[in-house]
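What follows is a single structure, written as C-alpha cells, with notes after it.
Please treat every number below as a calculation from the coordinates, not as lab data. Quick caveat, the model's predicted, so the values are computed rather than measured. Ideal geometry is used to build each Cβ from the backbone, glycine not excepted, and the neighbour counts take in all protein chains shown.
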Amino acid sequence: MWSARSSRSVRAVDDTRRRDVVRFWDSSALIPLLVNQSASSMVDAWLDADPSVALWTMTPVEITSALRRLVREGRLDEADAEAAEVRADELVDTSHLVLDLESVKAQARRLLRLHPIRSADAQQLGAAVEWAHGRATGRFFCTLDAQLARAAAREGFRVLSAPESPR
C-alpha cells in the first residue's frame, strides 16, 4: 500500500518565476509527488530542477480520479488520499494554469486525429500546446504515460518520462 508524501514534495512557487515556466506536467507525473510510488524520486528530481509548474485546469479532476482509484483498489488509505488532495490543491494554487477551454478543445481534436491517445490525454497535450503558444521546442512535457510521451515528443516537446521497458 502506498502512503501520502510529506508536504516537502509540493513547494510554493514564487509568482515572479511563473513567466519562466518551461515544464508542463501531466497528471500521471503529479501523482508520485503526492503519494509514495516507485517514480516518486524521479519526479521529485524533475521538480527540484525546475519548481515552476504549468498545468491544465482540469488536472485536479484527474488527480482526484487517480487518488480515488488507488483507494478503491486498496493501495491507498482514505486519510492519505485526503492529505494528497490537500497537497494537490496547494500545488494547483501555485502553478500556471491553462484555462482556455475552447483553444484546448480545438487542439485536443487535432491531436486525436494525429496520435493514438485517449481523450483526456489529448486535452492534457492540447493544454500544453496552448501553454507553449504552438512552439513546443525547448519546452518540457512531464508524463509517466508512454503513449502520451510519444505524442508529446512528436509535437516537439522535450519529454521527461519513465524509461520504457524493453519489449
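Max-minus-min Cα coordinates of the chain on each principal axis give 42, 40, 31 Å, with the largest extent listed first. Pair-distance distribution of region 105-167: all C-alpha pairs, bin width 5 Å, starting at 0; shares per bin in whole percent are 4, 21, 32, 26, 12, 4, 1, 0. For the chain, averaging the sequence separation of C-alpha pairs within contact (under 8 Å, six or more residues apart) and dividing by the residue count gives a relative contact order of 25 percent.
Our compactness index for region 70-123, the C-alpha radius of gyration over the empirical 2.2 N^0.38 Å, is 1.58. Using the Karplus relation 6.51 cos²θ - 1.76 cosθ + 1.60 with θ = phi - 60°, the per-residue 3J(HN,Hα) values for region 149-155 come to 4, 5, 5, 4, 5, 5, 7 Hz, with x marking Gly and Pro.
In order along region 31-45, the phi-based Karplus estimate (6.51 cos²θ - 1.76 cosθ + 1.60, θ = phi - 60°) of 3J(HN,Hα) comes to 4, x, 6, 9, 10, 5, 9, 4, 8, 4, 5, 5, 6, 4, 5 Hz; Gly and Pro are listed as x.
Here 78, 155 are placed in order of increasing Cβ neighbour count within 10 Å, fewest first, which gives 78, 155.
Fewest neighbouring Cβ atoms within 10 Å first, the residues 137, 57 line up as 137, 57.
Summarising the amide proton neighbourhood of residue 141: residues at separation of 5 or more, or on other chains, whose placed amide H is nearer than 5 Å comprise 24, 158, 159, 160.
Percent antiparallel among DSSP beta bridges with both residues in the chain, to the nearest 5?
Bridges in the chain are about 10 percent antiparallel.
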